[in-house]
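What follows is a set of notes on a single structure, which appears directly below.
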Amino acid sequence: MKVASVKELKDELKHRSKEELLVYCLQLSKFKKENKELLTYLLFDSNDEEEYIAQIKKEVEDQFNLINKKNFYLIKKSVRKILKNIKKYIRYSKKKETEVELLLFFCAQLSNFSPSIKKNTSLLNIYNRQILLAKKGISILHEDLQYDYELELQELI
């Protein structure tokens, strides 16, 4: 089966009624958890970005507290999982401010983590990559926000 392009889908959806669109959305939400999460963000969380970020920060803190600290392999695996979830939430939002704030929060959690990430090259590389992505995101933001986030970034470096 050939999959239609986004433009073709958009053009076809324009010709559908509201009821049909509602049915399509509900069907999409049944197939993948990510579709349901995206719909939840769009319907409930997109109006209050501050609260959305606060919820994610709380979830990330909880996940960092649950990390098994027996060895660096398990720590690295858990950190990658946390980062994967953060990236997914950033993709839902599509706002650079949210991206920068969540990446800086992740880096702060990682730098405060015990045992120190400086003892493991992989964790240090993950940390450095996220710092670079945060810097890149900061450079795109408004000047006032740039200044605030630069101060946060300097504390992490």
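A few notes on this one:
- Computed log10 I(q)/I(0) for the chain at 0.14 Å⁻¹: -0.82, from the Debye equation with unit scatterers placed on every C-alpha and solvent omitted.
- Cleavage-rule hits (chymotrypsin sites (Phe, Trp or Tyr not before Pro)) in the range 103-157: DSSP loop, at most 15 neighbouring Cβ within 10 angstrom: none
- Residue pairs, from the table LYS7/LYS58; LYS10/LYS76; LYS36/LYS57; LYS32/LYS77, whose Cα atoms sit over 30 Å apart: LYS7/LYS58; LYS10/LYS76
- Relative contact order (%) - the chain, alpha-carbon pairs under 8 angstrom, separation at least six: 17 percent
- Over the range 41-126, Cα pairs under 8 Å with separation of 6+ residues give a relative contact order of 29 percent.
- Within the same chain, lysines fewer than 8 places from LYS70 are excluded, and of the rest, those with a Cα less than 18 Å from its Cα are LYS81, LYS118, LYS119.
A short reminder: the numbers here are calculations on the coordinates, not readings from a lab. Just so it is clear, the model here is predicted, and its values are computed rather than measured. In this analysis, Cβ positions are derived from the backbone assuming ideal geometry, glycine residues included, and neighbour counts consider all displayed protein chains.
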